[in-house]
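Okay, so here's the structure we're looking at.
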Amino acid sequence: MQQAIPGAVISHPNLSPIMKYQPVRNFINGAFVDVKTPRSLPVVSPLDGTLLSTVPMSSSSDLAQAVVAAKTAFPSWSKMPIKERVQVFFRYKRLLEQRQDELAAVIQEENGKTYPEAVAEIEKSVELTEFATSMPQLITGEVLEVSKGVECRTEHVPLGVVASIVPFNFPAMVPNWTIPNALALGNCMIIKPSEKVPLTLGYLAGILKEAGLPDGVFNIVNGDREIVEAICDHPGIDAVSFVGSTKVAKMVYQRATSNYKRCLALGGAKNHLLVLPDAIPGMTAQNVAASMSGCAGQRCMAASAMVAVGQVDHIVEKICEEARKIIPGQNLGAVISSEAKERIESYISEAEKRGAKVLVDGRRAVVQGKEKGTYVGPTVIDYVKPEMAIAREEVFGPVISIMRTNTVDEALEIQNSNPYGNAASVFTQSGGVARYVMERASAGMVGVNVGVPVPREPFSFGGWNESRFGVGDITGKSSIEFWTKLKKNTIKWNPEAGINWMS
């Protein structure tokens, strides 16, 4: 890295050669602090098996310290005019741009994605921050004279101390789904990174401090399930956002709301691409292959199921051609762990045993010189049946399962019967068919001739069904309602009007 943030986790030549970085620390009240715990986990690079660092498993008492710091900072931060608060995020955006290369290198090391994918993650973080700087124009409220001399006005009021629990697959982007918006709106935050990728968030904490964020407004508490449960239970935390698997999202939502907190928990996905015979072969193949393999398939918007409608063998052949151009260790990153690699490959093997045909096989991938890395090559499986596990469950790897149907309605039935509802896309040159699918697909984000239908700011990100628990979306304008309370003020200055039903 070219330049280190003071106090952040940095490389150090005097450390033991078996560990590249200093042990991860919590970030509380504007400072990196050691955690007194007998439990810690290794942070291992999926690229080559290098031991990067260790991450402490904090206790509920560590969380309590962070809550105290956030509560102490809240009165002055929330009372600061929003136009002053967002100045921090103008500076934060500029620093993200200046430190792009350093941040991307850390992301690549601890997550395993390719360097261009890590850069793209920073670029998206910049876009998310740009949106947050527009908050003064978005929360101006409303004023109306509702009766002679009587006016009503609304204002958005911050909640207080909020928490964000984030996953391993996007160490910078997903935290920035919540950090800029929640803080610009006047809240103070505690964030728990994935124990698999804690380094990036420590780096972001240093950048936020350099940007002028007051101490205590942003805090990091590292840990595992114990900290997640403590966040859901702590009476000083007013709202919780979560991104991860559906199984855990359900548990977080139930536990947080049972403690009378707001909660928005985003879960897993099984995104279906409907491909019709009139789709443009080259464009479709490139989109499908990129969607299923980007970030090694470890994203909730990855295409993991393709429904071939009618005779599309010519497109399937081109998808295979594109998949063979994707090379582990070159333009395909690693999956997060050896356990993930084993799980993904078991899905492929089970489907093959049950009659599916593996057209491109990514099992047993090894990158020369990085034999301890955890790679799965791009995999295309045809003639998958809807009842197979690989067709129903989230694989989270660079794998596309192809199911065959004769009609669009049959394809939609497969899509709609899946419990998830994050995204769906249709590839066709027929506007009528595209509209038909958009109206009937049970998904919160739908694309036409787009492999990854992620909305750009200011449009919000969020799925349906078992891909989301709670109301609203996590980004864009929709996030304002989650991170604030709406106060309604009714004001009367005309005593001569007397008392009426408005009084």
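To the nearest 20 debye, what is the magnitude of the charge dipole of the chain about its Cα centre, counting +1 on the Cβ of each Lys and Arg and -1 on the Cβ of each Asp and Glu?
780
Which distance in Å, rounded to a whole number, links the C-alpha centroids of the range 78-115 and the range 243-286?
Between the Cα centres of the range 78-115 and the range 243-286 lies a distance of 25 Å.
Under the definition of Cα pairs under 8 Å and six or more residues apart, what whole-number percent is the relative contact order of the chain?
17
Could you pull out the longest piece of the chain with no exposed loop GluC sites (Glu not before Pro) in it, calling a site exposed if DSSP puts it outside H, G, I, E, B and it has at most 10 other Cβ atoms within 10 Å? Don't skip to the answer; put the middle values down first.
On the way: sites that count: Glu142, Glu371, Glu387.
Within the chain, the longest run free of exposed GluC sites (Glu not before Pro) spans 143-370.
If you plug each phi of the range 193-207 into the Karplus form 6.51 cos²θ - 1.76 cosθ + 1.60 with θ = phi - 60°, what whole-Hz ³J(HN,Hα) values come out, in order, with x for Gly and Pro?
x, 4, 5, 7, 9, x, 5, 4, 5, x, 5, 5, 4, x, 5
Nearest 10 degrees is fine. How inclined is helix 173-184 to the longest principal axis of the chain, computing both from alpha carbons?
10
Tell me which trypsin sites (Lys or Arg not before Pro) from the range 16-92 have a DSSP coil assignment and no more than 10 other beta carbons within 10 Å of their own.
Lys36
What is the local net charge at Phe170, summed over the other residues whose Cβ is closer than 14 Å to its Cβ (Lys, Arg +1; Asp, Glu -1)? Mind showing how you got there, number by number?
Numbers: positive: Lys113, Lys124, Lys196, Arg299; negative: Glu110, Glu117, Glu121, Glu123, Glu127.
Around Phe170, the surrounding residues sum to -1.
Taking 8 Å as the Cα distance limit and 6 or more residues as the minimum spacing, I'd like the relative contact order of the range 352-491 as a percentage.
Relative contact order of the range 352-491: 15 percent.
Would you mind checking Lys93/Lys485; Lys247/Lys325; Lys93/Lys261; Lys71/Lys261 for any pair whose Cα atoms are more than 24 angstrom apart?
Flagged as over cut-off: Lys93/Lys485; Lys247/Lys325; Lys93/Lys261.
Note the angle between two axes, namely the Cα long axis of helix 60-79 and the longest principal axis of the Cα atoms of the chain, as a number of degrees from 0 to 90, rounded to the nearest 10.
Once rounded, the angle reads 60 degrees.
Relative contact order, percent, of the range 271-448 when contacts are C-alpha pairs under 8 Å separated by at least 6 residues?
Value for the range 271-448: 29 percent.
Going by average Cβ neighbours within 10 Å, how do the peptides 173-181, 280-288 rank, with the highest at the top?
Going by the mean number of other Cβ atoms within 10 Å, highest first, we get 173-181, 280-288.
Measuring from label point to label point, each 7 Å out along Cα→Cβ, what is the Lys148 to Ser258 span in nm?
5.7
Go through Pro419, Val366, Pro214 and say which Cα lies farthest out towards the positive end of the charge dipole of the chain; charges sit on Cβ, +1 for Lys and Arg, -1 for Asp and Glu.
So the residue we want is Pro214.
Can you run phi through the Karplus equation (6.51, -1.76, 1.60; θ = phi - 60°) for the range 108-125 and list ³J(HN,Hα) in whole Hz, with x for Gly and Pro?
4, 4, 8, 9, x, 6, 6, 4, x, 5, 5, 4, 4, 5, 5, 4, 5, 4
Considering only DSSP beta bridges where both residues belong to the chain, give the percentage that are antiparallel (nearest 5).
Bridges in the chain that DSSP calls antiparallel: roughly 45 percent.
Each reported figure results from applying straightforward, stated rules to the coordinates on display, with no laboratory input. Note that the coordinates shown come from a computational prediction; the quantities given were computed from them, not determined experimentally. Heads up, the Cβs are rebuilt from the backbone with ideal geometry, glycines too, and the neighbour counts pull from every protein chain shown.
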